[in-house]
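Q: Questions regarding the structure given below will be posed in turn.
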Amino acid sequence: SASMRLAAPFSIGAAAAIRAALPEDFPLLPWPTGHLQELIGGLSVCQGMLCSDGGAMHIGAALGLPIACFFGQSDVTTWRPWGVDYRVMQPESCDVSDVTCTEALVALDDLWPAIVIRAEGSAEPHPA
């Protein structure tokens, strides 16, 4: 839907490249952040998240977002998003640049039912 928003907290340059590679109507919300409060605010208006393993991913999980996440050498069992629907993209090489755009879109597609439920307002944020 037009109100569907996915977060992708990357650098401005990386976000621009991702945006350019996606169809114009793909529901991606670029949200530059300079402070933690801005990141939390940006994520709070989204229904799903595409991100790398890291702090932003854990904030998204705390907000209850379904997450498609890129993992490099981190141990997925230890550092996965907790308490939310998620899909991990971790290539055998542990080099996230080896994850294809198609693999990322498949991960998002797998999460789409959870993203739609959240967009419809029937999903509560994960308790902090």
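The values are calculated or read from the model by the stated rules, or taken from the named source; none is laboratory data. All of these numbers come straight from a predicted model, not from anything done at the bench. When we count neighbours, we look across all protein chains shown, and the Cβ atoms used for this are built from the backbone with ideal geometry, even at glycine. Just so you know, the surface numbers come from the protein's heavy atoms only, side chains and all, with ligands and any DNA or RNA stripped out. Shrake-Rupley method; radii C 1.70, N 1.55, O 1.52, S 1.80 Å.
Q: Go through the range 79-91 residue by residue and turn each phi into a ³J(HN,Hα) via Karplus (6.51, -1.76, 1.60, θ = phi - 60°); whole Hz please, and just put x for glycine and proline.
A: 10, 4, x, 9, x, 9, 5, 8, 10, 9, 10, 9, x
Q: Then there is this: So who's got an amide H within less than 5 Å of the one on TYR86, skipping anything under 5 residues away but keeping other chains? H placed 1.01 Å off N, in plane.
A: Correct list: ILE67.
Q: Another question about this same structure. Looking at the range 44-128, which GluC sites (Glu not before Pro) are in a loop (DSSP not H, G, I, E or B) and have at most 10 other Cβ atoms within 10 Å? Mind showing how you got there, number by number?
A: Details: sites: GLU92, GLU103, GLU120; in loops: GLU92, GLU120.
Passing both the DSSP loop test and the Cβ count: GLU92, GLU120.
Q: For GLY72, list long-range residues whose amide hydrogen, built 1.01 Å from N in the peptide plane, is under 5 Å from its own amide hydrogen.
A: ASP53
Q: Can you work out the Karplus-derived ³J(HN,Hα) for every residue in the range 67-76? Use 6.51 cos²θ - 1.76 cosθ + 1.60 with θ = phi - 60°, whole Hz, and x for glycine or proline.
A: 10, 9, 10, 8, 10, x, 8, 5, 6, 4
Q: Right, something else. In the range 76-120, which chymotrypsin sites (Phe, Trp or Tyr not before Pro) are in a loop and have at most 13 other Cβ atoms within 10 Å, using DSSP for the loop call?
A: The qualifying sites are TRP82.
Q: Separate question: If you take every residue apart from ALA68 with its C-beta less than 13 Å away from the C-beta of ALA68, what net charge results, scoring Lys and Arg +1 and Asp and Glu -1?
A: -3
Q: Just the number, please: carbon plus sulfur as a percent of the accessible area of the range 45-126, 1.4 Å probe, no ligands or DNA/RNA counted.
A: Carbon plus sulfur share of accessible area: 54 percent.
Q: Would you calculate the separation in nanometres between label points at ASP98 and ALA21, each defined as 7 Å from the Cα along the Cα-to-beta-carbon direction?
A: Each label point is offset 7 Å from its Cα along the Cβ direction, giving 1.6 nm.
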